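Heads up, the thing below is written out as structure tokens.
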Amino acid sequence: MTILACATPIAPSLGLAAALVAGCGSLPAPFAALVPPDALHPNDPAQPVAPAVPAAATADPAVLGDLGLHRATWKRLGIDDYSMTVIYGCDCDLAGRPIVVTVAGGQLVSASDAGVALDLDRLIGFPATVDALFDYAASNANAGKIEFAWDDELGLPTAIGIDPDLEARDDEVRIAVQDFAVTR
């Protein structure tokens, strides 16, 4: 990214102004690269390093067992029609906004953000049904850190916290489920 910085006096003619601006285009950028502010992060900024080759990751059996027990409770109840509010805590465009989803027949049928209908394509990649939350948690069972909170009566996750790589910054994902209601 090139940043142009040029201070020129107001030129009396357009030709002179154009020549001055064109000349500014050849000035070097004042910063080699923009550095985002990092004062709020508790750790020192990470220095760029060559990417490591990840070791083969295996899922934690205890995590899978916990997921399996709660998923079995959820499946046994056979709830396919419900609504809930999902809040995603991530470095993403939906972060921190309560997204109200409606599920019918186990499929996502509608979503809204602050009462405004949300195009369902905006939720691609975001677990927005209870089954998708279970699948997301299971697919991340090998994360550096994974935490859950459960509704023990229904078996559904009310909070999922995943930190895929404890050494990396800003890869953490938190998902909270609120206001769950069976609709049929």
### Condition met for Val173 (of a type outside the set (Gly, Ala, Ser) and closer than 26 Å to Leu77 by Cα)
no
### Task
Would you check which residues across the stretch 133-154 are buried (at least 18 other Cβ atoms within 10 Å of the Cβ) and among the small types (Gly, Ala, Ser) and list them?
Ala137, Ala141, Ala143
#### Entry: Complete set of residues in the stretch 152-184 that are more than 17 Å from Val100 (Cβ to Cβ) and in contact with a Ser or Thr (Cβ under 9 Å, 6 or more places away or on another chain)
Asp152, Glu153, Leu154, Gly155
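Do we find that Gly161 is within 16 Å of the chain's Cα centre (by Cα) and either touching a residue at least 24 places away in the same chain (Cβ under 8 Å) or crowded, with 16+ Cβ neighbours inside 10 Å (or both) in this structure?
Working: within 16 Å of the chain's Cα centre (by Cα): yes; either touching a residue at least 24 places away in the same chain (Cβ under 8 Å) or crowded, with 16+ Cβ neighbours inside 10 Å (or both): yes.
Judged against the criteria, Gly161 is a match.
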#### Entry: Residue among Glu172, Glu153 that is modelled with pLDDT under 90 and acidic (Asp, Glu)
Glu172
### Complete set of residues in the stretch 77-99 that are in contact (Cβ under 8 Å) with a residue 40 or more places away in the chain and either assigned to a helix (DSSP H, G or I) or of a type outside the set (D, E, K, R) (or both)
Leu77, Ile79, Tyr82, Ser83, Met84, Thr85, Val86, Ile87, Tyr88, Gly89, Cys90, Pro98
#### Entry: Residue list for the stretch 67-111, restricted to those being of a type in the set (D, E, K, R) and surrounded by 16 or more Cβ atoms within 10 Å (Cβ to Cβ)
Arg71, Asp80
### Query
Do you know which residues across the stretch 112-145 are under 15 Å from Phe180 (Cβ atoms) and either assigned to a loop (DSSP other than H, G, I, E, B) or in contact with a helix residue (DSSP H, G or I) (Cβ under 9 Å, 6 or more places away or on another chain) (or both)?
Pro127, Ala128, Thr129, Val130, Asp131, Phe134
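The values are calculated or read from the model by the stated rules, or taken from the named source; none is laboratory data. It should be emphasised that the depicted structure is a prediction, and the values quoted were computed from it without experimental measurement. In this analysis, Cβ positions are derived from the backbone assuming ideal geometry, glycine residues included, and neighbour counts consider all displayed protein chains.
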